[in-house]
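One structure is given here, and the rest of the page talks about it.
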C-alpha cells in the first residue's frame with residue numbers, strides 16, 4: 001500500500017511543482033476584467049452636439065466643450081453640483097448625481113455655444129453657460145419636424161399606392177388586385193428549401209408571408225434554392241429532457257448540389273410574371289441591390305471559382321437584364337474588401353478593384369464605361385467607404401499602408417475627389433484610427449491608438465485636415481501602477497526573408513532576462529483576417545494573463561493571413577490551404593529567439609481557435625520536433641468537410657478531397673496535443689475535431705480531447721481559458737516525458 005502511495009506521489013509531483021511556479025493572483029491581475037476597471041478611470045466619452053461645430057467629451061467625471069474650428073476647449077458646466085441641484089428641482093428626478101452626470105442628446109441653436117438644450121425626464125430644458133442657470137425651455141424644439149429620408153427598398157406586402165398586395169402560402173406567391181378583390185396565384189414551383197415565402201409560414205394564403213419586394217408595380221423576389229443541398233446535423237444534448245436534433249443546409253467544397261438562385265419578376269400592370277434568365281455561371285452566387293435607382297435594379301453574379309464577378313442591371317418594366325461591369329481577378333477575388341456604390345440614382349458607379357495588385361476605387365458610368373481611377377497610392381489598399389459627398393463629388397474611405405504607420409494594417413482615413421485628381425489623408429498619428437463624423441460631415445472626432453499606446457483624441461477638419469487638434473487622451477499611468485506593462489510590437493521577416501510580418505509579443509511583467517522562458521504562438525492563419533490587435537487592447541484573448549504565468553506569448557501574422565495588404569499577400573496560400581502559414585510561424589519564433597535570448601527554443605507551444613486550431617495542429621504535425629505542445633480548439637482540420645465557399649475560394653475548385661487535411665499527417669505527432677470542440681458548433685462542426693481524433697487513434701497516438709457541452713463556435717469561458725493555462729503550465733513550464741504512441745509504447 002505504501003509503495004502505491006509513493007508511486008502516486010512521484011507521478012503527481014511534477015504537476016504540483018508546476019502549479020507552485022505560477023502566481024495565480026498575478027495572473028488574475030493581468031486579466032481584461034481586472035485591468036479594465038483601472039483603465040476606465042481615464043475613459044473618454046466624446047460626441048457631437050446637434051446642429052453645431054462643437055463636440056463635448058467627458059473624462060474623470062468632468063464635461064468639456066470643444067470648438068472643432070479652433071480646437072479651443074473649456075468646461076461645459078463650471079459647477080456640476082449646482083447643475084444637478086437645479087435639474088432635480090425642475091424634474092423631481094433624484095437619480096442624477098454630480099459625480100456621475102449623464103448628458104446626451106445636447107443641442108445648440110445656430111451654432112451658439114452660450115446655451116445648450118437638453119431633454120430628459122420628459123422635460124425640455126435650456127442651460128445658460130454664462131449664468132449657470134438651468135431652466136425649462138418653452139421655445140420651439142429646433143429638431144422638431146425634421147424627418148429622415150426613407151431609402152428603403154419598398155414594402156414586401158403592398159405597392160405604394162395600395163393597388164396591389166402580394167400574398168403567400170407556405171411556398172408560393174399570390175397577388176391580390178385591391179380594386180376588384182381578385183386573387184391570382186403566380187408561382188407553382190415553390191417547395192421546401194426553395195420557397196417564395198418565409199419558412200415560418202403556414203399553408204394559408206396571407207399578407208406578410210411573401211419574402212420579395214415591390215418596386216412600383218413590379219415585384220422582385222430572389223430565391224435561395226437550397227432544396228438539394230446536403231444537411232448538417234447537430235445534437236443539442238443539454239436541451240430539456242431529451243436531446244434535440246438541429247438541422248441546417250451546409251454545402252461542402254466541390255459538392256455537386258450547392259445553392260442555386262432564381263430571380264422572379266412580376267409586372268402587375270401587364271400581369272406578366274416569370275423567372276428571369278440571369279444564369280451566366282454554373283452554381284453562381286447572386287446578390288440584389290435594393291437601392292432606389294428609378295426604372296433599374298442592380299445585382300451582382302459571381303462564378304463558383306470566385307474569380308469573375310459581373311454587375312448587372314435589370315430594367316424593371318420589361319425584366320430585361322444587361323451586364324454593366326465585369327471584374328476578373330486571378331486566382332480569386334478579394335471578397336472581403338470588394339464593394340460598389342451607386343451614385344446619382346445609378347447614373348454613376350463607384351467600383352472597387354484589385355486590378356493593380358492593390359485595392360482601389362474606380363468611377364464608371366451606368367453603361368459600364370470606365371471614367372477614371374479615384375483612389376491613389378502605390379502601397380495603399382483602399383478599404384470601406386465611410387461617406388460619399390455627391391454634391392462635392394468626393395468620398396471618404398479607410399485605407400491601409402499609410403507611410404505614417406508602423407504596421408501597414410493600421411487604418412487611416414482619406415478624402416478623394418471622384419475625378420482622381422486629389423486625395424488627402426485625414427488622420428495623423430502612428431496607430432489605427434476611427435472617425436466619428438459631425439452630422440454635416442465637415443468635421444470628425446479621430447480616436448487612434450496602438451497596442452502599446454492608449455487612445456488619443458483629435459478633432460479633424462475634412463476640408464483642411466492638416467489643421468487638426470488634440471483635445472484628450474487616455475493614460476496608462478494607473479495601469480502601470482497596477483503592474484501592467486505594454487506588450488512589444490514586433491516585425492519580422494517571413495520565411496522568404498523578404499516579406500515583413502507584424503504582430504505583438506506579450507511578456508511576464510516580472511520578466512527576468514537572465515532566465516529562459518517557454519514560448520507560445522497564438523495563431524490564426526486567415527485568409528479573411530489575421531486577428532492581430534491593432535488598437536489598444538487589454539489582455540488580448542487572454543494572451544497577457546497567459547504570459548504572466550511565465551511564458552512569452554506571440555501573435556504574429558503569417559503570409560496569406562489578411563486581405564489588407566494586397567493580392568499577392570492575400571493569395572499566398574491559394575492551392576495550399578493547409579500548409580501555407582506554418583513555415584512563417586516557425587521562422588518567426590526562431591527569429592525572435594535570436595533577438596531575445598530569454599526565449600527557450602526547446603519549449604515551444606502553439607495555440608489557436610477555429611482556423612487557428614486547424615493551423616496549430618498542422619504546425620505540430622509538420623514540425624513535430626519543434627512544436628512540443630499544442631492546444632487546438634474548434635479547428636477545421638478537413639476543409640473538404642467545411643463550408644463550400646471557404647475551401648473553393650481559398651484553395652480552388654478541384655476533385656473532392658483535393659484540399660490536404662490534418663488527418664493525413666496524424667502519424668507525425670510527437671508532442672502533446674489537446675483537441676477541444678463545442679458539441680453544438682454549427683460553424684466548424686464537431687465532426688472535424690472528431691475525425692482528427694479518429695485519425696490520431698488509428699495511428700496509436702496519445703492526445704487529450706475535451707468536448708464542451710452546450711458550446712457553439714464561441715467556446716470562450718473561464719473554464720476554457722483556464723484549460724489553456726493548465727495545459728501549457730503542466731506541459732511547458734515543467735515538461736515531463738511520456739510515450740506518445742500508446743500502441744508501440746514509444
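The values are calculated or read from the model by the stated rules, or taken from the named source; none is laboratory data. Here the structure is a predicted model, which is why all the values come from computation and not from measurement. Here the Cβ positions follow ideal geometry from the backbone for every residue, glycine too, while neighbour counts run over all protein chains shown.
Things to note:
- A search for C-beta distances below 6 Å between a residue of the stretch 664-679 that is farther than 24 Å from residue 603 by Cβ and any residue that is crowded, with 23+ Cβ neighbours inside 10 Å, counting only pairs 6+ apart in sequence or on different chains, returns 677/634; 677/689.
- Residues of the stretch 235-271 satisfying the condition of being closer than 30 Å to residue 315 by Cα and either out of contact with any strand residue (DSSP E or B) (no Cβ under 7 Å at 6 or more places or on another chain) or without any contact (Cβ under 8 Å) to a residue 12 or more places away in the chain (or both): 258, 269, 270, 271
- Reported count of residues in the stretch 456-474, each being more than 30 Å from residue 422 (Cβ to Cβ) and either assigned by TED's automatic domain parsing to the domain that holds residue 64 or modelled with pLDDT under 95 (or both), is 0.
- Cβ pairs under 8 Å, 6+ apart, first in the stretch 38-55 and on the phi > 0 side of the Ramachandran plot, second part of a loop (DSSP other than H, G, I, E, B): 51/110; 51/111; 51/142; 51/143; 51/439
- When residues of the stretch 291-308 are limited to those that are assigned to a strand (DSSP E or B) and at pLDDT 95 or above, the one farthest from residue 338 (Cα to Cα): 296
Each row is one residue, and each column tells you yes or no for (1) surrounded by fewer than 24 Cβ atoms within 10 Å (Cβ to Cβ); (2) part of a loop (DSSP other than H, G, I, E, B); (3) not assigned by TED's automatic domain parsing to the domain that holds residue 686.
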{"position": "614", "(1), (2), (3)": "no, no, no"}
{"position": "619", "(1), (2), (3)": "no, no, no"}
{"position": "627", "(1), (2), (3)": "no, yes, no"}
{"position": "631", "(1), (2), (3)": "no, no, no"}
{"position": "637", "(1), (2), (3)": "no, yes, no"}
{"position": "661", "(1), (2), (3)": "yes, yes, no"}
{"position": "664", "(1), (2), (3)": "yes, no, no"}
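- When the stretch 478-507 is filtered for residues that are assigned to a loop (DSSP other than H, G, I, E, B) and at negative phi, the ones remaining, listed by number, are 482, 484, 485, 486, 487, 494, 495, 496, 498, 499, 507.
- Residue 271, sole failed condition from (1) surrounded by fewer than 16 Cβ atoms within 10 Å (Cβ to Cβ); (2) closer than 30 Å to residue 217 by Cβ; (3) under 26 Å from the mean Cα position of the chain (by Cα): (3)
- Filtered residues of the stretch 191-226 (kept if closer than 30 Å to residue 296 by Cβ, more than 29 Å from the chain's Cα centre (by Cα) and surrounded by fewer than 20 Cβ atoms within 10 Å (Cβ to Cβ)): 194, 207, 208, 216, 217
- Residue check, residue 743 out of contact with any helix residue (DSSP H, G or I) (no Cβ under 8 Å at 6 or more places or on another chain), in contact (Cβ under 8 Å) with a residue 12 or more places away in the chain and surrounded by fewer than 16 Cβ atoms within 10 Å (Cβ to Cβ): yes
A quick yes/no check of all residues on (1) at pLDDT 95 or above; (2) part of a loop (DSSP other than H, G, I, E, B); (3) in contact with a helix residue (DSSP H, G or I) (Cβ under 8 Å, 6 or more places away or on another chain):
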{"residue": "131", "(1), (2), (3)": "yes, yes, no"}
{"residue": "139", "(1), (2), (3)": "no, yes, no"}
{"residue": "148", "(1), (2), (3)": "no, yes, no"}
{"residue": "151", "(1), (2), (3)": "no, yes, no"}
{"residue": "154", "(1), (2), (3)": "no, yes, no"}
{"residue": "160", "(1), (2), (3)": "no, yes, no"}
{"residue": "165", "(1), (2), (3)": "yes, no, no"}
{"residue": "175", "(1), (2), (3)": "yes, no, no"}
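- Scoring residue 540 on the criteria (1) in contact with a strand residue (DSSP E or B) (Cβ under 6 Å, 6 or more places away or on another chain); (2) at pLDDT below 95 leaves a single failure, condition (1).
- Residue within the stretch 340-358 that is free of Cβ contacts under 8 Å to residues at least 12 places away in the same chain, outside the structural domain of residue 529 (by TED's automatic domain parsing), assigned to a strand (DSSP E or B) and closer than 26 Å to residue 563 by Cα present: no
- Taking the stretch 527-612 and the helices (runs of 4 or more DSSP H) fully enclosed by it, the elements with 2 or more residues that are in contact with a helix residue (DSSP H, G or I) (Cβ under 7 Å, 6 or more places away or on another chain) are at 543-547, 582-595.
- Condition met for residue 422 (at positive phi and free of Cβ contacts under 8 Å to residues at least 40 places away in the same chain): no
- Test: residue 733 is under 23 Å from residue 543 (Cβ atoms) and in contact with a helix residue (DSSP H, G or I) (Cβ under 6 Å, 6 or more places away or on another chain): yes
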